[in-house]
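These notes are about the structure you will find just below.
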Amino acid sequence: LAKTTQPISMDSYEGQEVNITCSHNNIATNDYITWYQQFPSQGPRFIIQGYKTKVTNEVASLFIPADRKSSTLSLPRVSLSDTAVYYCLGARLGYSTLTFGKGTMLLVSP
Amino acid sequence: DAGVTQSPTHLIKTRGQHVTLRCSPISGHKSVSWYQQVLGQGPQFIFQYYEKEERGRGNFPDRFSARQFPNYSSELNVNALLLGDSALYLCASSLDWAGQGNEKLFFGSGTQLSVL
């Protein structure tokens, strides 16, 4: 499965746009890129998923360039409640395993 | 609709004991996966069951076992507990087999297991 690398932590302020980049150099043709959010003492929560180009939903956007070796999660106008760990992972057709790394700890300050 | 429910929420055991963790998936979901999350790490895949059959197993010892019942609920069993088994155990359900690649997983809040 695609090995992903993302920053350990990021800091932001309320109202700012946050972009978290994830690299996945060995991504396979049948890998989807998925992002999850996790708050303390809770299970991860699905945020967004994409295969290529741009995907947008009500909470985030996901940008995947043509070579698919990286992806960027964009959170518009973050609030304090967006403080959480964000995981970038690859999900492959035919494999039931999701491989989580350590994720990115996003701290949003007032 | 109720989300994924896990019980108990917290559990304290001693080394060598056995533990059973339970999970009820979202209504209509046929797949259940189990993950172990040690403090400071991301969740690690343990098992996945789909339609009551094991569809995936992570790199965990045979002390870990699981099953899925006809109503799609699931149990995770851990025998001969070690201190290192202390972790948050997460259950996730999905509508279909998680090996679709783009299947969305819905996680419960987990069972916090402490082994003393």
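The values are calculated or read from the model by the stated rules, or taken from the named source; none is laboratory data. Keep in mind that this is a model prediction, so the values were computed, not measured. When we count neighbours, we look across all protein chains shown, and the Cβ atoms used for this are built from the backbone with ideal geometry, even at glycine.
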Restrict the check to the stretch B:67-81 and report whether at least one residue is closer than 24 Å to A:PHE39 by Cβ and out of contact with any Gly (no Cβ under 8 Å at 6 or more places or on another chain). yes
Within the stretch A:26-61, restricting to residues that are among the small types (Gly, Ala, Ser) and under 19 Å from A:GLY94 (Cα atoms), the one that is modelled with the lowest pLDDT is A:ALA28
Take B:GLN68 and tell me if it is farther than 30 Å from A:MET105 by Cβ and surrounded by fewer than 16 Cβ atoms within 10 Å (Cβ to Cβ). no
Just to be sure before I move on: is A:GLY43 surrounded by fewer than 17 Cβ atoms within 10 Å (Cβ to Cβ), in contact with a Cys (Cβ under 9 Å, 6 or more places away or on another chain), closer than 23 Å to B:ILE46 by Cβ and within 10 Å of another protein chain (Cβ to nearest Cβ) in the structure I sent? no
Single residue of B:ARG55, B:ARG15, B:ARG67, B:ARG22 found to be more than 13 Å from chain A (Cβ to nearest Cβ) and in contact with a helix residue (DSSP H, G or I) (Cβ under 9 Å, 6 or more places away or on another chain): B:ARG15
Members of the stretch A:44-94 that are part of a helix (DSSP H, G or I) and in contact (Cβ under 8 Å) with a residue 60 or more places away in the chain: A:LEU80, A:ASP82
Matching residues in the stretch B:61-83 - criterion: being among the acidic types (Asp, Glu) and in contact with a strand residue (DSSP E or B) (Cβ under 6 Å, 6 or more places away or on another chain): B:GLU75
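Can you go through B:LEU82, B:LEU88 and tell me which one is over 15 Å from B:SER27 (Cβ atoms) and within 8 Å of chain A (Cβ to nearest Cβ)?
That would be B:LEU88, the only listed residue that is over 15 Å from B:SER27 (Cβ atoms) and within 8 Å of chain A (Cβ to nearest Cβ).
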Are there any pairs with C-beta distances below 8 angstrom linking a residue in the stretch B:11-23 that is at positive phi to a residue that is not in a strand (DSSP E or B), with the two at least 6 apart or on different chains, and if so which? B:GLY16/B:ALA80; B:GLY16/B:LEU81
